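Trainee: The structure that follows is given in the form of structure tokens.
Please treat every number below as a calculation from the coordinates, not as lab data. Quantities reported herein were computed from a predicted structural model and do not represent experimental measurements. Cβ placement follows ideal geometry from the backbone for every residue including glycine, while neighbour counts extend to all protein chains displayed.
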Amino acid sequence: MKYQIGDTVLLLHSDEEGQIIDIINEKMVMVNVKGVKFPAYLDQIDFPYFKRFSQKKTDLKKPRQYVDDIKKEKNNAKYKVDEGVWLALLPVFDKDVFDDDIVEKFKLYLVNQTANTFSFTYELSLAGETGFELKNEVLPLSDFYLHDVPFENLNDTPKFWFEFSLTKPDKTKAEYYETFLKLRAKQVFQKIEEMKLKQEASFSYPLFEKYPDRIIEEKPDLDKLSAAGYKIYESAKTKAGAPPRTVIDLHIEKLTDHWEKMGKAEKLDLQLKTFEKYYDLALQHHQSMLIVVHGVGTGKLRDEIHALLRHKKEVKSFVNQFHPSFGYGATEIYF
């Protein structure tokens, strides 16, 4: 049977809600409406959920208001944000087969609650692969629509990456600022429930509160170092730095003799620092390409290097294909 004892039902002829207290037969049930018990045919009742979602709330008679009493509307009522730059997610709801509200997709907005205009580069990656890219500007005290993200994409570990820079350069401010946001499905479900309880239209995540200042590198006080017993040499007398390479091998046993005593995190950190070192040298010596040998293994080192390369402006392209000397264990980088 469609109904069970204890179900709340709507009486179609009187538009009242009651509760089923007994099932008489296949066509009739006993209903209790405000203490009154009576039998009802199944075709005279229905579940009340559609009515609750579809009907408009009755407007209560409001007291007379005068112009001086009317409060000013808040800006950006659509998003609950403070000062800074935020990523806002606006859920778009639909009905499922049971007539329940479900989230179909999210509309993404970049909300700028500062007095500056920012140029930005935006990238959405899903399961480690780039799914969407965009470059544009966001004006002061305004929002910018980015794109729609289907609800099922939450299962692909979405990563929202941004690079910001001031449209009007300021010598006292950083040249650019990078940040990213990783969302997990469980966290988003909690945000949606909180949003419903508070009767809000969206939820937001902060990207930064204030655009960072330029970092001024402090030069060491050579006199203090000398007085402390350190030997100071003129730059012309120092030995030349490490020479550049067109091929760098990041296998841990090639980088240190003490690799057996290192943990996984320490090994990965050393490998990435070595990669950055020779990447910078390749740029300084205007190399056209660089081959990074990372091996096959679990693919962790390869993925970390590829993630770094995607955000380096100097890289024209890179590819991990079969190489006659390294198989599939190397990535070729072209500048």
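Trainee: Using θ = phi - 60° and the Karplus relation 6.51 cos²θ - 1.76 cosθ + 1.60, list the HN-Hα couplings for region 248-255 in order, rounded to whole Hz, with x at every Gly or Pro.
Mentor: Computed from phi, the couplings for region 248-255 are 10, 9, 9, 4, 4, 5, 7, 9 Hz.
Trainee: Looking at region 90-136, which chymotrypsin sites (Phe, Trp or Tyr not before Pro) are DSSP coil and have at most 11 other C-beta atoms within 10 Å of their C-beta?
Mentor: Phe98
Trainee: Return a whole-number percent for the relative contact order of region 73-202, with Cα pairs under 8 Å and 6 or more residues apart as the contact set.
Mentor: On the way: 235 pairs, mean separation 30.2, N = 130.
The value is 23 percent.
Trainee: On a 26 Å Cα-Cα criterion, which of the cross-link pairs Lys80/Lys210; Lys186/Lys273; Lys107/Lys198; Lys173/Lys313 come out too long?
Mentor: Numbers: Lys80/Lys210 17 Å; Lys186/Lys273 34 Å; Lys107/Lys198 19 Å; Lys173/Lys313 20 Å.
Over 26 Å apart, Cα to Cα: Lys186/Lys273.
Trainee: Hey, another quick one. Would you list, by chain and number, the aspartates and glutamates whose Cα falls below 18 Å from the Cα of Lys159, excluding same-chain residues fewer than 8 positions away?
Mentor: The reachable aspartates and glutamates, counting only those whose Cα sits under 18 Å from Lys159, are Glu123, Glu129, Glu133, Asp148, Glu178, Asp303, Glu304.
Trainee: Of the listed peptides 300-308, 158-166, 279-287, what is their order by residue-averaged count of other C-beta atoms within 10 Å, with the highest listed first?
Mentor: 158-166, 300-308, 279-287
Trainee: Taking 0.36 nm per intervening residue step and subtracting the Cα-Cα distance, what contour gain separates Glu209 from Asn136 on full extension? Don't jump to the answer; show the numbers that get you there.
Mentor: Values: separation 73, 0.36 × 73 = 26.28 nm, distance 2.00 nm.
Here the segment from Glu209 to Asn136 would lengthen by 24.3 nm.
Trainee: Further question: Report ³J(HN,Hα) in whole Hz for each residue of region 283-289, in order, from the Karplus equation J = 6.51 cos²θ - 1.76 cosθ + 1.60 where θ = phi - 60°; Gly and Pro get x.
Mentor: Per-residue couplings from phi come out as 5, 4, 9, 6, 5, 8, 7 Hz.
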